[in-house]
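One structure is given below, encoded as structure tokens.
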Amino acid sequence: MPRSEYYEPTFVPGERPEPSIILDAERILSLLLRAEVMMTKVDRVRYASRIICEIEDVIREFSLAYDFEDDRLYHLKRMWGHVAVFLRLFRIIGDMNAIRVRTEHDPMTPDQIKLELLNAVASLDEGATKWKRSVERTIKQQRKGTTGSEG
């Protein structure tokens, strides 16, 4: 049974609580929903729906990792996989300059949205990478039978 948002989980050895990942993912989702209308119809079909699904999967796996302690490492690995796919899709969207249509109802220009997205994606990538390395290092130390901070 899922736990409430106030539940404090026990962490995988080496895992540090990084709530910034979920905050960055939610910020990216919000910006992508705004950016979707700044794309042509073809680009929305090709790219927007896919990248929005990927960031939703990041949020989903993060939430599952914290709701189900027994499967925490499994869901974290899946989250990191979705982050990797998301980053590649984001690069394609940037290379294609898919966010380019100015809208009347949004005060931000496509370039401002792209800059905000770039900052949020960089923050997400940095947080997920640091977290992953920390967990991997601890698992590697446990396999060797060391628990200290040697080496």
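If I go through the range 31-70 residue by residue, how many of them are closer than 23 Å to residue 95 by Cβ and part of a helix (DSSP H, G or I)?
The initial filter retains those residues of the range 31-70 that are closer than 23 Å to residue 95 by Cβ, namely 31-58.
Retained after the next criterion (residues that are part of a helix (DSSP H, G or I)): 31-36, 41-58.
Going through the range 31-70 one residue at a time, the tally reaches 24.
Examine the range 140-150 for a residue that is touching a Pro at 6+ places or on another chain (Cβ under 8 Å), over 23 Å from residue 48 (Cα atoms) and loosely packed, with under 14 Cβ neighbours inside 10 Å, and state whether such a residue exists.
Yes, the range 140-150 contains at least one residue that is touching a Pro at 6+ places or on another chain (Cβ under 8 Å), over 23 Å from residue 48 (Cα atoms) and loosely packed, with under 14 Cβ neighbours inside 10 Å.
For the range 78-104, how many residues are part of a loop (DSSP other than H, G, I, E, B) and either touching a residue at least 40 places away in the same chain (Cβ under 8 Å) or hydrophobic (A, V, I, L, M, F, W, C) (or both)?
6
Among the numbered conditions (1) more than 16 Å from residue 22 (Cα to Cα); (2) more than 16 Å from the chain's Cα centre (by Cα), tell me where residue 67 comes up short.
All conditions are met except number (1).
Has the range 64-73 got at least one residue that is buried (at least 19 other Cβ atoms within 10 Å of the Cβ) and modelled with pLDDT of 90 or more?
no
The values are calculated or read from the model by the stated rules, or taken from the named source; none is laboratory data. Being a predicted model, the structure only gives us computed values, none of them experimental. Glycine gets a Cβ as well: all are built from the backbone with ideal geometry, and neighbour counts include every protein chain shown.
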